[in-house]
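Read-outs throughout are calculated quantities, based only on the coordinates presented, and are distinct from any laboratory measurement. This is a predicted model, so every value here is computed, not measured. Here Cβ is always computed from backbone atoms with ideal geometry, including for glycine, and neighbour counts include all displayed protein chains.
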Amino acid sequence: MDVAALITDLQSRGLRVETPVERRSGGAGPSDSGLLWIEGVAVTVPTGTAWTDASPYLLREEDQGYGIYRDGERLAGAAAGKRPRFYDLTTSDGVPYWKIALLHLDSLASTVLQTCAYWGNSDQCAFCGIGLSLAAGRTVAKKRPEDLAEVAVAARDLDGAVDATLTTGSTSAPDKGALYVGRCGAAVKEASGLPVEVQFEPPDNLDVIDRVADMGIDSVGIHIESFDPVVLARIAPAKARTGIEGYFAAWERAVARFGEGQVSTYVILGMGEDPDVTVEGCRRAIDIGVYPFVVPLRPIAGSLLEDSLPPPAEYMENVYRRVVPYLQARGIGAAGAAAGCARCQACSALGALERLEAAKPERRLIPVQAS
Ligand code: SF4
C-alpha cells in the first residue's frame, strides 16, 4: 500500500491509539483528529471517537517514534506532533498562547473570530464545530492582531511553524469578517515574516477582496464546501444563498489579485453529493486557477453531522484520481501554494497523490479513473 492509499484509508476509517497523541477538538476545520507525520508526510487522522475505535489501524509506540499496524503487520512509520513549546507562554495580560493559536503540525492556525452569524440558528453549517471550542473554554472569542503576531513569532522560533492559516466565523457585516481576518494576517506577516493564508466567505462587495490583497496576504481560502447545489442547500444554507456562481465570481476576483494556485476552496466529500457534479465543479475551479482542496467529511462531536461517518476510501480515491491529473495538466498543485490548507495538505490525501503521480516518469499516462 503506498502512502497516499494508506492516508486515504486512515482518514476514512480512523486510527486507534495506544498512547494519546497531540490532537485537536472542535473548531472550524477538520477536527477530532490526531496530528501525525506518516513516513514524513503531515497527516491529520481521526482518533478518539466511537467510530475510530472500530478501525483496523492501530498506532503503536516504538523505541523510536510510532508504527501504524493492521492485523499485527507494520505498514508505516509515524511521528507524533509534540506539544509545542509556545503553548507554555502567555500574553502580558495573562492569556495562554494556546488559546490564541494552535500548531497544526507545521502550520500556525487560528480562528480569529470564534463566533459565527450562522452558529446556533437554521443557517449553521452542518459539518462545523466553531462554537464548540469556545463553549469548552479552549479559546477566546476574538483574537487581537497584536496577540496573534506575538504568538506567531514564538511559534516560528520555538516550534518551527512555516506558515499561518487564519480563518474566521462569518459576521453579519457586508465584508463577512474578511477585513478583520485580513488585518490579523497582515499583523502576523509583518511581525513573523511567515506566509499567511486567510479564509473568509465571499463578501457582498468583491472590492473587499482587493483590500485584503492590499494588506500583503499571500493566499486566500474561500470555501464552497460542496459543488452539489442540493447538498449545499442542506448542509450550508447561508453559503447556498451566495450560490455556486457567487463563489466563482469571488474566486475570479481573488485569482486576479492573489494569483493562480493561491486561491483555494474546501470541497468536503461524504455528505451525499453527486461525484460527477463534484468533479465537474473541481475542474471548472481549476480552469480559473483555484485549488479545490478535496477532503473527506470529519464528523465532529457536537456538530450537526456528529452521527455521520467519513466516506469510504474507494470513493475518496475515485474523486482524487479524477482531480489530480487535471490539476497537473493545469500546472496547479499543493507545492505551489504559499500558505494555508492547500500548502499543508494534512487533512487530505490529495497532495500525497499529487507527489506520487508527479514522480512517475510518464506523467501524461496517469490513468484517469472512470466515474
Ligand atoms: S460559515 Fe459555516 S463553516 Fe464557517 S464558521 Fe460559520 S458555520 Fe462554521
Legend entry - Net charge over other residues, Cβ less than 9 angstrom from the Cβ of ASP159 (K, R count +1; D, E count -1): +1
Legend entry - Full-stretch length increase - ARG257, ARG234 - with 0.36 nm per residue and alpha-carbon distance subtracted: 5.1 nm
Legend entry - Within-10-Å neighbourhood charge of PRO292 [Cβ basis; K, R +1; D, E -1]: +2
Legend entry - Order of ASP159, ASP287, ASP218 - criterion: other Cβ atoms within 10 Å of each residue's Cβ, fewest first: ASP287, ASP159, ASP218
Inset, instruction - Report the extension gain between GLU73 and THR91 in nm, rounded to one decimal, defined as 0.36 nm multiplied by the number of residues separating them, less their alpha carbon distance. - result: 1.8 nm
Inset, instruction - With runs of 4+ DSSP H residues as the only contributors, calculate the mean residue ellipticity of the chain at 222 nm using -39,500 (n - 2.57) per run, divided by the residue total and rounded to the nearest 500. - result: -10500 deg cm²/dmol
Inset, instruction - Using DSSP, restrict attention to beta bridges with both residues in the chain and report what percent are antiparallel, rounded to the nearest 5. - result: 55
Inset, instruction - Within the stretch 301-325, which residues have the backbone N less than 18 Å from the label spot 7 Å out from ALA50 along Cα→beta-carbon, could you tell me? - result: 301-311
Inset, instruction - In whole Hz, with x marking every Gly and Pro, tabulate ³J(HN,Hα) for the stretch 84-89 from phi via Karplus 6.51 cos²θ - 1.76 cosθ + 1.60, θ = phi - 60°. - result: x, 5, 5, 5, 7, 8
Legend entry - 11 Å reach of a label modelled at LYS82, 7 Å along Cα-to-Cβ, counting backbone N of the stretch 48-66: none
Inset, instruction - Place +1 on the Cβ of every Lys and Arg and -1 on the Cβ of every Asp and Glu in the chain, take the dipole about the Cα centre, and give the residue among ILE38, GLY67, GLY137 whose Cα lies farthest towards its positive end. - result: GLY137
Legend entry - Nonlocal amide H pairs with THR111, under 5 Å, H built at 1.01 Å: THR167
Legend entry - GNM result for the chain, Cα springs below 10 Å: residue of LEU304, LEU108, LEU232 fluctuating most strongly: LEU304
Legend entry - Dipole in debye (nearest 20) - the chain, about Cα centre, beta carbon charges: Lys, Arg +1; Asp, Glu -1: 200
